[in-house]
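First up is the structure itself, then whatever we jot down about it.
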Amino acid sequence: MTTHEKHEENVRKLREMIKGIEYAMLTTVEDDGSLRSRPMAIPKVEFDGDLYFFTKANAPKVNEVERDRHVCASFAAPEGQRYVSMSGLARLLRDRTKMQEFWFPELKAWFPDGLEDPELELLWISVTQAEYWEGPLGTLIYMAGVKAMAADAAFEDSDHEKLDLKGQS
């Protein structure tokens, strides 16, 4: 399998893992080096190796990303026992065409002026690595190790993999 084919396979797997999840927790680095996370609505487009979130130009996360571009977005679908963490480098876009492509009506709750808002920006994350957990026993049992041992469950019954997406496009 070529490097490009492996990259495409990784992107497909991540697309499948986050399908149907409406919110991600986005983590940035504050001035003092501490981590800060907040929920972000996920645009209803297929994952292609990049993530996009809407934000206001004056939001604290904008300053955090301008100072340190390293971010992490976490996704969870406990009912399907799917958990994903994607890390990468973020930057801000003011591309109105991209905004129109990714806009969906529920965003009006946070951005009442919609696409007409002059402070509206896209946070674009180029994903460089990802990790996921899934399976019938998955992370729920892993996180409750004592219960897993009591239930005689094996950690191998879940699927876990770390994926490298650096420099592949």
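The values are calculated or read from the model by the stated rules, or taken from the named source; none is laboratory data. Since the structure is predicted, the reported quantities are computational estimates derived from the model, not experimental observations. No Cβ is skipped: glycine too gets one built from the backbone with ideal geometry, and neighbour counts run over all protein chains shown. Accessible surface areas use protein heavy atoms only, side chains included; no ligands, DNA or RNA. Shrake-Rupley method; radii C 1.70, N 1.55, O 1.52, S 1.80 Å.
With a 1.4 Å probe and every protein chain left in place, work out the accessible area per residue of region 16-99 in Å², rounded to a whole number. Kindly include the intermediate steps, with their values, before the conclusion.
Details: 4400 Å² over 84 residues.
It amounts to 52 Å² per residue over region 16-99.
Please list the non-local residues whose amide H lies under 5 Å from the amide H of Asp95, H modeled 1.01 Å from N, same-chain partners needing a gap of 5 or more.
HN-HN under 5 Å from Asp95: Leu122.
If I take R0 = 22 Å and measure r between the Cβ atoms of Gln129 and Glu79 in this structure, what FRET efficiency does the formula 1/(1 + (r/R0)^6) give, to the nearest 0.05?
Details: r = 26 Å, r/R0 = 1.17.
Rounded to the nearest 0.05, the efficiency is 0.30.
Report the net charge of residues surrounding Leu115, where surrounding means a beta-carbon distance below 12 angstrom and charges are Lys +1, Arg +1, Asp -1, Glu -1. Provide the component values of the computation, followed by the final result.
Numbers: positive: Arg94, Arg96, Lys98, Lys108; negative: Asp95, Glu101, Asp113, Glu116, Asp117, Glu119, Glu121.
Net charge around Leu115: -3.
Using only the Cα atoms of region 18-117, build the gyration tensor, take square roots of its eigenvalues as a ≥ b ≥ c, and label the shape rounded, prolate or oblate: rounded if a/c is under 1.5, else prolate if a/b is larger than b/c, else oblate.
Values: a/c = 1.65, a/b = 1.01, b/c = 1.63.
Judged from the Cα gyration tensor, region 18-117 comes out oblate (a/c at least 1.5, b/c at or above a/b).
Less than 9 Å Cβ to Cβ from Tyr132, Lys/Arg counted +1 and Asp/Glu -1: what total charge do the surrounding residues give? Intermediate results must be reported in sequence, preceding the final value.
Numbers: positive: Lys13, Arg82, Lys162; negative: Glu131, Glu134, Asp159, Glu161.
My count for the surroundings of Tyr132 gives -1.
I need the GluC sites (Glu not before Pro) found in region 1-85, filtered to DSSP loop residues with at most 15 other beta carbons within 10 Å of theirs.
Values: sites: Glu5, Glu8, Glu9, Glu16, Glu22, Glu30, Glu46, Glu64, Glu66, Glu79; in loops: Glu22, Glu30, Glu46.
Listed in order of number, the matching sites are Glu22, Glu30, Glu46.
Starting from the Cα of Arg12, step 7 Å along the direction of its Cβ; do the same at Arg69; then give the gap between the two resulting points in nm.
3.0
Taking the simple approach of a point 7 Å from Cα along Cα-to-Cβ for both Arg96 and Lys44, what is their distance in nm?
Computed distance between label sites Arg96 and Lys44 equals 2.4 nm.
Treat every Asp and Glu Cβ in region 40-130 as -1 and every Lys and Arg Cβ as +1, leave all other atoms uncharged, and give the resulting dipole magnitude about the Cα centre to the nearest 20 debye. Write down the numbers at each step before the final one.
Working: 11 positive and 15 negative charges, 36 e Å.
That gives a dipole near 180 debye.
Provide the FRET efficiency to the nearest 0.05 for the Asp32-Asp113 pair, computing r from the beta carbons and using R0 = 35 Å. Don't jump to the answer; show the numbers that get you there.
Numbers: r = 33 Å, r/R0 = 0.94.
E between Asp32 and Asp113, to the nearest 0.05, is 0.60.
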